[in-house]
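Enquirer: Take this structure, written in structure tokens, and hold onto it; I'll ask about it next.
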Amino acid sequence: MTKIIFQISTIALLFLCNLGQAQDFTGQATYETKMQINDFQFTKKDMPEAVQAQLQEKMRKAFEKTFVLNFNKFESIYFQEEKLDAPAPGSVGFKMMSSTEGKQYKNIKEKISISEKDIFGKEFLVQDSLPKWEWKLENETKKIGNYTCHKATILIPVSEEDLKDFEESKKIQANSKTTFIQIQEPKEKIITAWYTPEIPVSQGPDEYWGLPGLILEVNDGKKMALCSKIILNPKEKSEIKRPKKGKKVNQKEFEEITKKQLESMKDANGVIHINASGR
């Protein structure tokens with residue numbers, strides 16, 4: 001028993017030492033993101049399987065992006081890595097679907113999140129409190145690169161709003177003759193994260209945070225972000241600045257604005273048309 005108590009005390013002391021060292025701790029993590037789109041269905045029955053496969057491949061490529069997370073003990077900024085490559089043929093039509101995100105700032109000391117978002121050319125600055133993630137710490141571990149990572153999960157139930165939106169979408173598509181992507185019935189999902197206490201900051205990609213170590217991988221069943229590179233305490237430290245670009249709104253206001261914008265884009269059948277050809 002004395003040996004066990006000594007081991008626990010030693011682990012606690014090491015963790016506290018790490019936290020102390022994290023006072024001026026900075027780093028940069030690079031993440032590769034992917035989207036699972038195999039369960040997308042198309043409503044047009046006579047669409048050849050080869051064409052469906054091509055559209056799914058275009059959609060998959062449109063969601064493959066590289067993001068960078070600059071972080072210190074309390075703050076982080078998450079943004080898409082800039083590339084000078086020309087867009088791939090056929091990818092233009094999915095720009096609206098793939099991403100409307102700009103820089104995303106998190107401050108775990110002040111418990112705030114500030115994000116730059118764009119809706120069809122209109123810029124917004126969404127500021128709200130950090131989402132509260134009720135993580136369940138699991139006993140599994142695995143290696144990501146050179147780091148030992150621990151598993152954490154969250155079960156997200158289906159909300160009444162999700163069910164309501166699904167029923168409305170079914171009614172619209174039942175009365176429509178227009179080709180479109182079949183809406184899938186909402187299901188509860190499990191968010192799985194892998195974090196490493198070896199990097200003692202409670203940060204992570206996108207909106208995720210709140211674990212005793214940097215999140216190196218997160219998967220919600222549809223979208224995955226996997227860390228591919230880490231630089232700790234770089235000689236040239238990147239300044240973490242709060243985003244300031246766009247009209248200031250909170251998350252609820254932004255969701256209402258998005259919903260109204262999408263409603264205004266629907267045709268007489270209630271369907272939003274998306275050009276998947278890139279022309």
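The values are calculated or read from the model by the stated rules, or taken from the named source; none is laboratory data. These figures come from a predicted structure and were not determined experimentally. Using ideal geometry, Cβ is built from the backbone for each residue, glycine included, and neighbour counts are taken over all protein chains shown.
Enquirer: Any idea which of Pro186, Pro205 is outside any strand (DSSP E or B), at pLDDT 95 or above and in contact with a Phe, Trp or Tyr (Cβ under 9 Å, 6 or more places away or on another chain)? Reasoning before the result, please.
Expert: Details: Pro186 fails: at pLDDT 95 or above.
Every option except Pro205 fails the conditions.
Enquirer: Consider Lys244 carefully, then state whether it is assigned to a loop (DSSP other than H, G, I, E, B) and either at pLDDT below 95 or under 19 Å from Ile199 (Cβ atoms) (or both). Let's see the steps before the verdict.
Expert: Working: assigned to a loop (DSSP other than H, G, I, E, B): yes; either at pLDDT below 95 or under 19 Å from Ile199 (Cβ atoms) (or both): yes.
Answer is yes for this residue.
Enquirer: Then there is this: Which pairs have Cβ atoms under 7 Å, sit 6 or more apart or on different chains, and link a residue in the range 107-125 that is farther than 26 Å from Thr26 by Cβ to one that is assigned to a loop (DSSP other than H, G, I, E, B) and of a type in the set (Lys, Arg)?
Expert: If the second residue must be assigned to a loop (DSSP other than H, G, I, E, B) and of a type in the set (Lys, Arg), the pairs left are Glu123/Lys245.
Enquirer: Determine which member of the set Lys132, Lys106 is in contact with a strand residue (DSSP E or B) (Cβ under 6 Å, 6 or more places away or on another chain) and either within 23 Å of Met224 (Cα to Cα) or not in a strand (DSSP E or B) (or both).
Expert: Numbers: Lys132 fails: in contact with a strand residue (DSSP E or B) (Cβ under 6 Å, 6 or more places away or on another chain).
Just a single option satisfies the conditions, and that option is Lys106.
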